[in-house]
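The values are calculated or read from the model by the stated rules, or taken from the named source; none is laboratory data. No experiment lies behind these values; they were computed from the predicted model shown. All Cβ positions, even for glycine, are placed from backbone atoms using ideal geometry, and neighbour counts span all protein chains on display. The accessibility values were calculated without ligands, DNA or RNA, using every heavy atom of the protein model including side chains. Shrake-Rupley method; radii C 1.70, N 1.55, O 1.52, S 1.80 Å.
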Amino acid sequence: MAQNGSIRGRRQPNILVIGTPGTSKTKTSSALVEATQLRHICIGDLVREKNLHDGWDSEFESHLINVDLVLPQVEDLMEGGGNIVDYHGCDFFPKRWFDRVVLLQTDNTVLYDRLSRSGYTGSKLTNNIKCEIFQVLLQEAEESYPEDIVVALKSDTIEDITRNV
């Protein structure tokens, strides 16, 4: 933090909340917004609402995000600070945007149950569980951001979410 009380030249921090689908990113981000009054930017919603994608991947049942369309949509907001960004990945965001990167991790049994209840099946379910088992997003975060701003937090229960906030 700079001597004038700002964070990387901003008056308020930018926080990135990432994790495999089903790790309660949006629930955690919403609770964090309520506690801090920062702005919530859900990248998945933004992609859907503004058609910032290159179509649909039928195997994974998700949009193919177009980074070149997404980044300009949030650039000015990020430069101003005061944002909680919620998305499953992190490697395409500029390093300068974030003061903290929070990776939510969920026990595989809990995650399997959550994803199954949400309608995940087949390769979409299997690939997300494997992503969590092999800690793909932790590796991505550690390779993309300075070690001192990345923190991994357990997100199995409502109590975990409350403690994380």
Amide H contacts of ARG8 (H built 1.01 Å from N, under 5 Å, at least 5 apart or other chain): ALA2
SASA check, ASP76, accessible area w/ 1.4 Å probe, all protein chains in place, rounded to nearest 10 Å², comes out at 130 Å²
If one builds a Gaussian network model of the chain from Cα atoms under 10 Å apart, the most fluctuating residue listed among GLU147, GLU132, GLU79 is GLU147
To the nearest 10 square angstrom, what accessible area does HIS53 show with a 1.4 Å probe? 40 Å²
Non-local residues with an amide H under 5 Å from the amide H of VAL17, with H modelled 1.01 Å from N and Pro and chain starts lacking one, are VAL85, ASP86, TYR87, VAL102
Share of the chain's accessible area from carbon and sulfur, percent, 1.4 Å? 48 percent
Two-site label geometry, ILE149 and ARG11: point separation in nm, points 7 Å out along Cα→Cβ: 2.0 nm
Ordered by residue, what ³J(HN,Hα) values in Hz, to whole numbers, does the stretch 25-40 give under the Karplus form 6.51 cos²θ - 1.76 cosθ + 1.60, where θ = phi - 60° and Gly and Pro are x? 4, 5, 4, 5, 4, 4, 5, 5, 4, 4, 6, 10, 6, 7, 8, 9
In order through the stretch 66-78: 3J(HN,Hα) via Karplus (6.51 cos²θ - 1.76 cosθ + 1.60), integer Hz, x for Gly, Pro: 9, 4, 5, 8, 6, 4, x, 5, 10, 3, 5, 4, 5
Just to verify a number: FRET efficiency for GLU59 and LYS27, C-beta to C-beta distance, R0 = 35 Å, to 0.05? 0.85
So I have (i) 53; (ii) 56; (iii) 73, and one of them is percent of Cα pairs over 20 Å apart calculated from this model. Which one is it? (i)
Hey, can you grab everything whose amide H is under 5 Å from the amide H of VAL150? Only 5+ residues off in sequence or another chain; H modelled, so Pro and N-termini drop out. VAL101
Just how much of SER118 is accessible, in Å², when a 1.4 Å probe is used and the result is rounded to the nearest 10? 80 Å²
Euclidean distance between Cα centres, the stretch 111-158 to the stretch 61-75, Å: 20 Å
